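Okay, so here's the structure we're looking at.
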Amino acid sequence: MSDTSGMNRRRFLKNSAFGAGALGAGLLGGGNMLHSREKTGEKNEDGWKIKEYRTLGRTGFDVSDIGSGYVKDPAVLEKMLDAGINYIDTAESYGNEKVVGDVLKKRDRKKVFITTKLEIKKDLTKEGFLTRARKCLERLQTDYIDCLMMHSPDSVEMIKTPGFHAAMEQLKNEGRLHHVGISNHGTNHVMVSKDSMQKVLTAAAMDGRFDVFLMAYNFIQEDNGAAVLEICKEKNIGTTLMKVNPIGNLPRLKQRIEELKAEGKTVPEYYPQFVAKLEDKEKKGRWFIEKYGLDNAKKLRDASIRFCLSNPNVNTVCCAFRSFDDLDAYIPLSGTRFSEPEKKSLALYKEGCGSLYCRHACGLCEPSCPHGVPVNSIMRYNHYYDAQGKEKFAMKNYAKLPTNAETCARCSGYCESACPYDVPIHGLLNIAHRSLTLA
């Protein structure tokens, strides 16, 4: 495909009312004492204001209940800070640490909690982690980092990495680091040994060296996350959430199914079968949404976030702020709670459309794949592409995978048979591959 055709297709997807594969990954986005510092929830001349702050576990820092996930526009970040958001989540791999640093160097540093992350890769020595951490400090233009997280380790064994902990201890002794944390949203790649998010984070809680967690949690996949949140409450570990909105876009999915069906003549005979199953799931979901009036994506998104805010074991919900519109979307949710009508709506949505959502941080189907396809990573990158507007980031990381979903079009679908949630993951992986390669 030429560069021009790739750009035209991307422009079409971004400007269309639809887009690629959002159902599989979500549409938008993401002591445990509760107390309110500001009660005025009305929008004043400066915009919306944060209404509630919660103590981030044993860090003792009071963080806004709506926190900042990925943000790259300095003007948007300025407005977020003006609104009272004081929890900023970033990472060495996000490419926005300097943006955060440029804005925060003009602010009172003590009033903002900055979290960044280091992956467990390449040089695992103490010196290797120290070098990378000091580069984070340079980009953030700060004397200290509030929390430095181990970025999405795949296994319980990985959380013990000696070089990482030795480096963190030295940074603490130097006054350059206050707390250590851990993030996890499932396996990164298929490995010989890998563990679920719940197993990794439970082990991290028992380890005792991690003060803050960043984890996937939402109303469709609440069970495992709720168990971890309860442990965090017992251990007084701070909790921050991502992937909080699993609501998908059925019209977008329907469009992509039609594209897949058009390819059926050039692929194995079982290809139309998995496309037919995906189409059947989409039709049933669409019927359910129409029957119960669940077609208001904004209301469902708000209810999804309120579901998380209503859990007393949650300290902050990290939302991606891509534009000023996101300020109006997320900040008014601060201090709000889940209503009875919203509970009914989400319960109905889960019943009718839950099987169209590939659970973040799951990965239960991966061991069944004879080709070693990292299902969890692919669907997460698809989420970044569709839901967070991070197309280049998603495509770049997808291209780095040792094995991708290209092979899925020639496979009979072992992953789908292994999925305990009856997700049509075979078709969703094919859709994800099209998106992440502009095929």
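The values are calculated or read from the model by the stated rules, or taken from the named source; none is laboratory data. Quick caveat, the model's predicted, so the values are computed rather than measured. Don't worry about glycine lacking a Cβ; one is built from the backbone with ideal geometry, like all the others, and counts go over all protein chains shown. To get the accessible areas, we keep the full protein, side chains included, count just its heavy atoms, and leave off ligands, DNA and RNA. Shrake-Rupley method; radii C 1.70, N 1.55, O 1.52, S 1.80 Å.
Scan 249, 218 and give me the residue that is open to solvent by less than 30 Å² (accessible area, probe 1.4 Å), in contact with a helix residue (DSSP H, G or I) (Cβ under 9 Å, 6 or more places away or on another chain), at pLDDT 85 or above and within 29 Å of residue 351 (Cβ to Cβ).
218 is the lone residue from the list that is open to solvent by less than 30 Å² (accessible area, probe 1.4 Å), in contact with a helix residue (DSSP H, G or I) (Cβ under 9 Å, 6 or more places away or on another chain), at pLDDT 85 or above and within 29 Å of residue 351 (Cβ to Cβ).
Let's see how each residue does on (1) at pLDDT 95 or above; (2) farther than 29 Å from residue 154 by Cβ; (3) of a type outside the set (Lys, Arg):
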{"position": "89", "(1), (2), (3)": "yes, no, yes"}
{"position": "92", "(1), (2), (3)": "yes, no, yes"}
{"position": "98", "(1), (2), (3)": "yes, no, no"}
{"position": "109", "(1), (2), (3)": "yes, yes, no"}
{"position": "114", "(1), (2), (3)": "yes, no, yes"}
{"position": "123", "(1), (2), (3)": "no, no, yes"}
{"position": "135", "(1), (2), (3)": "yes, no, no"}
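Kindly establish whether residue 351 is more than 30 Å from residue 83 (Cβ to Cβ), assigned to a helix (DSSP H, G or I) and not aromatic (Phe, Trp, Tyr).
On the way: more than 30 Å from residue 83 (Cβ to Cβ): yes; assigned to a helix (DSSP H, G or I): yes; not aromatic (Phe, Trp, Tyr): yes.
Spelling it out, residue 351 is indeed more than 30 Å from residue 83 (Cβ to Cβ), assigned to a helix (DSSP H, G or I) and not aromatic (Phe, Trp, Tyr).
Where residues in the range 126-146 are more than 17 Å from residue 179 (Cβ to Cβ) and either in contact with a Ser or Thr (Cβ under 8 Å, 6 or more places away or on another chain) or among the basic types (Lys, Arg) (or both), which of them is most open to solvent (accessible area, probe 1.4 Å)?
Top of the filtered list is 135.
Could you list, in sequence order, all residues of the range 355-370 that are out of contact with any helix residue (DSSP H, G or I) (no Cβ under 6 Å at 6 or more places or on another chain) and closer than 26 Å to residue 70 by Cβ?
357, 359, 360, 362
Quick one: in the range 288-313, which of the residues that are part of a loop (DSSP other than H, G, I, E, B) and not aliphatic (A, V, I, L, M) is farthest from the chain's Cα centre (by Cα)?
Among those that are part of a loop (DSSP other than H, G, I, E, B) and not aliphatic (A, V, I, L, M), it is 293.
If you check residue 63 against the conditions, is it modelled with pLDDT of 95 or more and surrounded by fewer than 22 Cβ atoms within 10 Å (Cβ to Cβ)?
Answer is no for this residue.
Mind checking which strands (runs of 3 or more DSSP E) fall wholly inside the range 40-127 and carry at least 2 residues that are among the hydrophobic types (A, V, I, L, M, F, W, C) and in contact with an Asp or Glu (Cβ under 8 Å, 6 or more places away or on another chain)?
Qualifying strands (runs of 3 or more DSSP E): 113-119.
For the range 346-371, give me the residue count where each residue is surrounded by fewer than 18 Cβ atoms within 10 Å (Cβ to Cβ), at pLDDT 90 or above and of a type in the set (A, V, I, L, M).
Residues in the range 346-371 being surrounded by fewer than 18 Cβ atoms within 10 Å (Cβ to Cβ), at pLDDT 90 or above and of a type in the set (A, V, I, L, M): 2 in total.
Restricting to the range 372-397, name every residue that is basic (Lys, Arg), out of contact with any helix residue (DSSP H, G or I) (no Cβ under 6 Å at 6 or more places or on another chain) and open to solvent by less than 20 Å² (accessible area, probe 1.4 Å).
Within the range 372-397, 380 is the sole residue that qualifies.
A quick yes/no check of all residues on (1) at pLDDT below 95; (2) at positive phi; (3) touching a helix residue (DSSP H, G or I) at 6+ places or on another chain (Cβ under 6 Å):
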residue	(1), (2), (3)
257	yes, no, yes
276	yes, no, no
282	yes, no, yes
287	yes, no, no
322	yes, no, no
331	no, no, yes
344	yes, no, no
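Using beta carbons and a limit of 6 Å, which pairs, at least six apart or on different chains, have the first residue in the range 401-426 and within 13 Å of residue 362 (Cβ to Cβ) and the second one of a type in the set (D, E, K, R)?
Going by the 6 Å Cβ cut-off, the qualifying pairs are 425/416.
Could you check the range 101-125 and list, in sequence order, the residues that are under 23 Å from residue 163 (Cβ atoms) and exposed (fewer than 13 other Cβ atoms within 10 Å of the Cβ)?
Answer for the range 101-125, where residues must be under 23 Å from residue 163 (Cβ atoms) and exposed (fewer than 13 other Cβ atoms within 10 Å of the Cβ): 121, 122, 123.
For residue 404, indicate whether it is within 12 Å of the chain's Cα centre (by Cα) and either buried (at least 21 other Cβ atoms within 10 Å of the Cβ) or on the phi > 0 side of the Ramachandran plot (or both).
When the stated conditions are applied, residue 404 does not pass them.
Among the numbered criteria (1) part of a helix (DSSP H, G or I); (2) of a type outside the set (D, E, K, R); (3) modelled with pLDDT under 95, which one does residue 205 miss?
Every condition holds for residue 205 apart from (3).
I'm trying to understand the selection: among the residues of the range 341-377, which are under 18 Å from residue 247 (Cα atoms) and among the acidic types (Asp, Glu)? Spell out the reasoning first.
Residues of the range 341-377 that are under 18 Å from residue 247 (Cα atoms), as a first pass: 341-362, 376.
If the condition is that a residue be under 18 Å from residue 247 (Cα atoms) and among the acidic types (Asp, Glu), then 342, 351 are the ones that fit.
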